[in-house]
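The values are calculated or read from the model by the stated rules, or taken from the named source; none is laboratory data. Not measured: the values here are computed from a predicted model. Every residue, glycine as well, gets a Cβ built from its backbone with ideal geometry; the counts of neighbours run over all protein chains shown.
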Amino acid sequence: MRVLVTGSAGHLGDALGRTLRDHGHEVVGIDLRDGSSITDRACVRRTIAGVQSVLHTATLHKPHVVTHERQQFVDTNITGTLILLEEAVRAGVASFIFTSTTSVFPATGWITEDMPPAPKNIYGVTKRAAEDLCELFHRRERLPCLILRTSRFFPEADDDRAVREVYEDDNVKVNEYLYRRVDIEDAVSAHLQAIERAPVIGFGRYVVSATTPFSPADLPELRTNAPRVVRRYVPEYEAVYARLGWKMTPSIDRVYVNAKARAELGWRPRHDFRSLIECLATGGDSRSPLARLVGSKGYHAQTFADGPYPVG
């Protein structure tokens, strides 16, 4: 199968390309770092020729909100997606998978696909608008489109300075597997499942995040005493954290739920908080082999006064 990966030099794009090639597929890419752009229709038309599936990961991200104008978000995230959709229809591709974000959701609650969107910045607004374009092209053009709303999978340091000052980086990330993080290996496998399922499903939106141990009934206590709730489900975490000198976050105000993706896509994520604690207990690495291989890509070429992120 010939697959187009947009954002092919980025973190997810690189991981997808490596995995697809390992499975014997032909991969073509579009990425600004390689001198190509999803906003260049001629480039898209050339590259998409003969493609059976599009994995659209290219985007301006949340860390670009301070360094880029709102119009640039519209141009890349909305206009670029529109061009890709139009050219995908023209080329007759069999599936179009759009990598969206859990940033389209509210900041609190038990977050499933039924939660009404409430994006809080231009990043979330433009990703939600691109989702709606995908739905339109499925409805009007019968293009099979699946939307994967991925939670955090980036290896870069947290964008909140207060968090960086209190927690070690690996500590932050392992905590997040309880409610808002997914390993890059699992994000990739969700995209590959989406390729297979898109022609059958037609259209759908899916939360792609590590499987949480919690239930909706836990939310009130999670907000006031998260360590106590975690201790009920994964009591062995305390000994591992004590040995590492780590801390559990005191409060969790949202939980992303992947049940629909597991049920409808047949997705089987391998990495969750419990599996990471088991790995750390034996001295292992909390990152998957693919995560270690791909490494960090960064969002900006320059550094800033506040570390890896600009201050806005």
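Taking region 31-52 as the range and being crowded, with 18+ Cβ neighbours inside 10 Å and among the small types (Gly, Ala, Ser) as the test, the residues that pass are SER36, SER37. Go through region 223-269 and give me each residue that's aliphatic (A, V, I, L, M), free of Cβ contacts under 8 Å to residues at least 12 places away in the same chain and more than 30 Å from PHE203 (Cβ to Cβ). If the condition is that a residue be aliphatic (A, V, I, L, M), free of Cβ contacts under 8 Å to residues at least 12 places away in the same chain and more than 30 Å from PHE203 (Cβ to Cβ), then ALA242 is the only one that fits.
When only residues in region 203-235 that are of a type outside the set (A, V, I, L, M) and within 30 Å of PHE96 (Cβ to Cβ) count, which is surrounded by the fewest Cβ atoms within 10 Å (Cβ to Cβ)? My answer is PHE203. Residues in region 5-54 that are of a type outside the set (S, T, N, Q), in contact (Cβ under 8 Å) with a residue 60 or more places away in the chain and not in a loop (DSSP other than H, G, I, E, B): HIS11, LEU12, ASP14, ALA15, LEU16, ARG18, LEU20. Going through (1) surrounded by fewer than 23 Cβ atoms within 10 Å (Cβ to Cβ); (2) touching a Leu at 6+ places or on another chain (Cβ under 7 Å) one by one, GLY92 falls short only on (2).
Screening VAL28 against (1) buried (at least 16 other Cβ atoms within 10 Å of the Cβ); (2) closer than 26 Å to VAL104 by Cβ leaves a single unmet condition, (2).
Count, please, the residues in region 123-155 that happen to be aromatic (Phe, Trp, Tyr) and outside any loop (DSSP other than H, G, I, E, B). Adding up the residues that qualify gives 2. Of the residues in region 130-153, not one is surrounded by 17 or more Cβ atoms within 10 Å (Cβ to Cβ), of a type in the set (Val, Ile, Thr) and farther than 30 Å from THR67 by Cβ. Output yes when any residue across region 236-250 is over 19 Å from VAL174 (Cα atoms), at pLDDT 95 or above and exposed (fewer than 15 other Cβ atoms within 10 Å of the Cβ), and no when none is. No: zero hits.
Residues satisfying the criterion are absent from region 191-202 (criterion: of a type in the set (S, T, N, Q), closer than 15 Å to ARG274 by Cβ and surrounded by 14 or more Cβ atoms within 10 Å (Cβ to Cβ)).
Criterion first (under 23 Å from the mean Cα position of the chain (by Cα) and either farther than 28 Å from LYS62 by Cα or part of a loop (DSSP other than H, G, I, E, B) (or both)) does PRO220 satisfy it?
Numbers: under 23 Å from the mean Cα position of the chain (by Cα): no; either farther than 28 Å from LYS62 by Cα or part of a loop (DSSP other than H, G, I, E, B) (or both): yes.
So PRO220 does not fit the description; no.
Just one of the numbered conditions (1) farther than 30 Å from PHE96 by Cβ; (2) in contact with a Lys or Arg (Cβ under 6 Å, 6 or more places away or on another chain) is not true of ARG181: (1). Screening THR81, THR126, THR112, THR99 for residues that are in contact (Cβ under 8 Å) with a residue 40 or more places away in the chain, surrounded by fewer than 22 Cβ atoms within 10 Å (Cβ to Cβ), of a type in the set (Val, Ile, Thr) and closer than 21 Å to VAL208 by Cα leaves exactly one candidate, THR112. Only one of the listed residues (ALA198, ALA194) is over 16 Å from the mean Cα position of the chain (by Cα), under 16 Å from SER100 (Cβ atoms), touching a residue at least 40 places away in the same chain (Cβ under 8 Å) and part of a helix (DSSP H, G or I). That residue is ALA198. The C-beta contact set for region 133-156 (first residue modelled with pLDDT of 95 or more, second residue in a helix (DSSP H, G or I) and of a type in the set (Phe, Trp, Tyr), distance under 7 angstrom, 6+ apart or interchain) comprises LEU143/PHE137; CYS145/PHE137.
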